[in-house]
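The values are calculated or read from the model by the stated rules, or taken from the named source; none is laboratory data. What you see is a predicted model, and the numbers here were worked out from it, not measured in a lab. As a convention, Cβ positions derive from the backbone with ideal geometry for all residues, glycine included, and neighbour counts pool all protein chains shown. Only protein heavy atoms, including side chains, enter the accessible area calculation; ligands, DNA and RNA are left aside. Shrake-Rupley method; radii C 1.70, N 1.55, O 1.52, S 1.80 Å.
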Amino acid sequence: MESLVIKAFISVALALFIAGWAVRRKSLNLSGGFAGFLVMSASIMASYRFGALLLVFFFTSSKLTKLGTEKKRKNDAEYKEGGQRDWMQVLVNSSIATALALGVAYLTGWNDICLNSEKAPLVTGLIGGILGHYACCNGDTWSSEIGVLSSSQPRLITTFKHVPHGTNGAVTIAGLLAAAAGGAVIGLTFVLVGLFTARCEGQLVSKQLLAFPIATFAGFFGSVVDSILGATVQYSGFCAVRKKVIGKPGPTVKKITGENILSNNGVNLVAIVLTALATSAVCLYVF
C-alpha cells in the first residue's frame, strides 16, 4: 500500500508539472491543461509504461505542431498558435486509453505484466488496445503535421486526385511515412519501458519485441482510416474570401469533398476506436 501511495504522489506531481508547463507553452489551453492533468495522473498511476506512451505522444506531437508555423497558418483556417489543444481534443486522444489502463491496473493488482494471451487474455487485449490507441494518435498527428509541410501536392485518398493542402482526407507520401514513424516511436517506447517495468519470463521477453512492428502498422493503419473518414464524412471546402480550406459549408465556400457529418474530433475518435480494436485482436493472436 505504501508503494502505491508513493506512486500516486509521483503521478500527481509529475502530471501537475507537465500540465502547467504545457499551458505556459500554449500547447494546451486552460481546459486542456486541466483535462491533461487528469488523464496524465491516472495513466502514470496505472502504469509507468502507459504513462510513458501518453507523454511520448504528447511531447512529440506538440513539438511537431510548432514546426512550419507560417505555412500552417497560411493553409489552416483553424490554426492556433502553439496548438493550444482544448479539453475535448485531450479527451478524444487519451480518455479511452486511460480507461483501459485503469482497467488493466485493476485486473493486475496495479502491476505491469507482459502481453500473454494464454495466461491473461483479457489483460492482453486491453493492453493491445492501449498500444493501438496511442499508435493511432501519434501516427495521425505526425502524418498531419509533417504532411502539410510537404512540397508535393496532396492527393485525396479516395480518388487520388490532387487537392489543396489542408483538405480532410488528403495524403502525401511524406505524411504516410510519418504516420508509420509515429506508430514506431510508440512501439519502441512500449518495448523499452516494458523491459524495466513489466514482469516477463523466458521466451515472453523476446516476444514482446513484436509490439514494435504491430505499433508501426497501427500508426499507418490509423492514419489511413482517419483519412478515409475525413474524405467521406467530414466536409472540406475552399473559401473564396479567406483563400483557405475550411470545414464548414457556406455561401462563399466551394465544396472539395466529404459530407458535414462528423467533426474532426469525431473522425479522430472513430479512427482511434477502430485501430484500438484491430490492434487488440492482433495482440491476442500474436501473443
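Under the condition of being farther than 11 Å from Ser227 by Cβ and open to solvent by 40 Å² or more (accessible area, probe 1.4 Å), the residues counted in the range 149-163 number 8. Filtering the range 165-205 to residues that are touching an Asp or Glu at 6+ places or on another chain (Cβ under 6 Å) and over 30 Å from Tyr235 (Cα atoms) leaves Thr197, Ala198. Once the range 230-255 is narrowed to residues that are in contact with a Ser or Thr (Cβ under 6 Å, 6 or more places away or on another chain) and of a type in the set (A, V, I, L, M), the residue that is nearest to Ile186 (Cα to Cα) is Ala231. Ala174 fulfils the conditions (1) touching a Phe, Trp or Tyr at 6+ places or on another chain (Cβ under 8 Å); (2) assigned to a helix (DSSP H, G or I) except for a single criterion, (1). Within the range 164-175, restricting attention to residues that are open to solvent by 40 Å² or more (accessible area, probe 1.4 Å) and of a type outside the set (Gly, Ala, Ser), the residue that is modelled with the lowest pLDDT is Pro164.
Taking the conditions (1) part of a helix (DSSP H, G or I); (2) more than 18 Å from the chain's Cα centre (by Cα); (3) farther than 23 Å from Leu131 by Cα in turn, Ala22 satisfies each one other than (2).
Of the residues Phe190, Phe196, the single one that is part of a helix (DSSP H, G or I), open to solvent by 70 Å² or more (accessible area, probe 1.4 Å) and touching a helix residue (DSSP H, G or I) at 6+ places or on another chain (Cβ under 9 Å) is Phe196. Does at least one position in the range 256-278 carry a residue that is open to solvent by 30 Å² or more (accessible area, probe 1.4 Å), farther than 29 Å from Gly187 by Cβ and hydrophobic (A, V, I, L, M, F, W, C)? Within the range 256-278, one or more residues are open to solvent by 30 Å² or more (accessible area, probe 1.4 Å), farther than 29 Å from Gly187 by Cβ and hydrophobic (A, V, I, L, M, F, W, C). Going through (1) open to solvent by 20 Å² or more (accessible area, probe 1.4 Å); (2) at pLDDT below 95 one by one, Phe221 falls short only on (2).
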